[in-house]
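Below is one structure, written out as structure tokens, with a few remarks after it.
The values are calculated or read from the model by the stated rules, or taken from the named source; none is laboratory data. Keep in mind that what you see is a predicted model, and the values were worked out from it rather than measured. Don't worry about glycine lacking a Cβ; one is built from the backbone with ideal geometry, like all the others, and counts go over all protein chains shown.
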Amino acid sequence: MSIYDDWGLEPIINASGAVTRLGGAPMPEAVLEAFCAAARESVPLDELQAVASRALAEATGAEAGLVTSGAAAALTLGTAAILTGYDLGRMERLPCCDGFPHELVVAREQRNGYDHAVRAAGARLVEVGFNEIVAGAGVRRTEAWEYEAAIGPQTAGIFYVYDPGSRPPLAELVARAHARGLPVLVDAAGELPPRSNLRALVATGADLVAFSGGKAIRGPQATGILCGRRDLVGAAAVQMLDLDDHYELWEPPPELIDKHRLGGIPRHGIGRALKVSKEQIVALLTALRLFVSGAYDDALPAQRRRLEQIAAALEGLPVRWRVITLADGQSLPLLEVALDEHLNDERTAVLGRRLREELTPR
Ligand SMILES: *Cc1c(COP(=O)(O)O)cnc(C)c1O
């Protein structure tokens, strides 16, 4: 009996992992318990985020961190922080950026649907490089000089989407950006595991890095991590937290928010719609602790055996090949199946539909 039955909805067997569309990764029991326990009591959210900041700093090597409502929210908040710093007037005006630098330079080949989250803060993306390899019209990837050539009076920073094949290498780009006094914001939402990326991306000197909390970390689906420079994380925090308070009485945790650099309390910021609850913060920190300790790796051999059974059961069906991938000891293994070539698109669509409907594929 599922709770979804009460609402007339049948739960599915999620065989595709942490995809948002299907509700994300299942949370471990310890994470669920932490979520419920946190919900039963009240705490000041700014102080809880300061605790989170310390835990995230320890896990990533960054100066500070913030639990956000997803990696996309971390990108919006990180962009907001880069655009405003601790400037109250700019915070109030976002996403309108008239009168201050608001361009983020990005490689054309790194553009993707998630960068809407960067534009949502008010930034304008300025593309550099070409997608020559996909176009079949050349062999070169985006090069660091192309970013530098695009820097002008309206440039506020660089936006970089990390994966192991991203070019130019992040560390090289960070060095060039810093030489021009510009920060680098990195989307690394799905780049865990390997666990080493938690620290490796911050170690490049990148100013802000965004990770998903609801993918491999297995925290609540609507959580994420923004980690990096203390002043930028602080600027992101004040644009998300509820600050309905009086300046004289307001005592934000100094390691997260530098009250004296603000000179006033901003009103609800652009991140107010991206708020996270105390339950989400505590659950994400609990999940992160499990992820960092390698606790999830123990379940991988059993997962792999289950896939081997499924693969074996495909024997004799119109399947061209089947292969189990991602057996790196940290990632969940996946079974990839290629159907016989004689199954045309129409029949494969029928098969896909039947799998979704939980019918036996014929
Ligand atoms: C999943 C993903 C996001 C969004 O992450 P959420 O935590 O779901 O907000 C952003 N960028 C990339 C590259 C992703 O893979």
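Looking across Ala283, Ala235, one residue alone is in contact with a Pro (Cβ under 8 Å, 6 or more places away or on another chain), touching a residue at least 24 places away in the same chain (Cβ under 8 Å) and assigned to a helix (DSSP H, G or I). It is Ala283.
The sole residue among Glu191, Glu255 that is among the charged types (D, E, K, R), within 16 Å of the ligand (Cβ to nearest atom) and in a loop (DSSP other than H, G, I, E, B) is Glu191. Number of residues in the stretch 150-159 that are within 16 Å of the ligand (Cβ to nearest atom) and either farther than 19 Å from Ala206 by Cα or in a helix (DSSP H, G or I) (or both): the value is 0. The residue of the stretch 199-232 that is farthest from the ligand (Cβ to nearest atom), among those that are more than 23 Å from Glu92 (Cβ to Cβ) and part of a strand (DSSP E or B), is Gly228.
Comparison of Ala38, Ala52, Ala71, Ala107 shows that the only residue that is in contact with a Gly (Cβ under 8 Å, 6 or more places away or on another chain), closer than 27 Å to Trp250 by Cβ and crowded, with 19+ Cβ neighbours inside 10 Å is Ala52. If the condition is being touching a Leu at 6+ places or on another chain (Cβ under 7 Å) and on the phi < 0 side of the Ramachandran plot, then the stretch 13-30 contributes Asn14, Ser16, Pro28, Ala30.
A single member of Gly99, Gly78, Gly8, Gly89 is without any contact (Cβ under 8 Å) to a residue 24 or more places away in the chain and closer than 30 Å to Trp145 by Cβ, and it is Gly99. Do you know which of the residues in the stretch 97-149 that are part of a loop (DSSP other than H, G, I, E, B) and within 18 Å of the chain's Cα centre (by Cα) is farthest from the ligand (Cβ to nearest atom)? Selected residue: Ala121. Among residues of the stretch 307-323 that are closer than 12 Å to Leu339 by Cα, those with a beta-carbon under 7 Å from a residue that is modelled with pLDDT under 85 and loosely packed, with under 10 Cβ neighbours inside 10 Å at least six positions away or on a different chain give the pairs Arg320/Glu341. The residues of the stretch 319-338 that are surrounded by 13 or more Cβ atoms within 10 Å (Cβ to Cβ) and more than 17 Å from Ser16 (Cβ to Cβ), listed by number, are Val319, Ala327, Gln330. In the condition set (1) modelled with pLDDT of 95 or more; (2) farther than 19 Å from Gly85 by Cβ, Ala135 is compliant with all but (1).
Taken as a whole, the structure places Arg267 among residues that are in contact (Cβ under 8 Å) with a residue 40 or more places away in the chain and more than 20 Å from the chain's Cα centre (by Cα). Filtering the stretch 1-58 to residues that are among the polar types (S, T, N, Q), in the same structural domain as Gly234 (by TED's automatic domain parsing) and either in a helix (DSSP H, G or I) or in contact with a Pro (Cβ under 6 Å, 6 or more places away or on another chain) (or both) leaves Gln49, Ser53. Just the residues that are closer than 18 Å to Gly152 by Cα and surrounded by fewer than 16 Cβ atoms within 10 Å (Cβ to Cβ), please, taken from the stretch 86-99. Scanning the stretch 86-99 gives Asp98, Gly99. With respect to Asp163, determine if the residue is among the charged types (D, E, K, R) and either surrounded by fewer than 17 Cβ atoms within 10 Å (Cβ to Cβ) or more than 12 Å from the ligand (Cβ to nearest atom) (or both). Taking the combined requirement at face value, the residue satisfies it.
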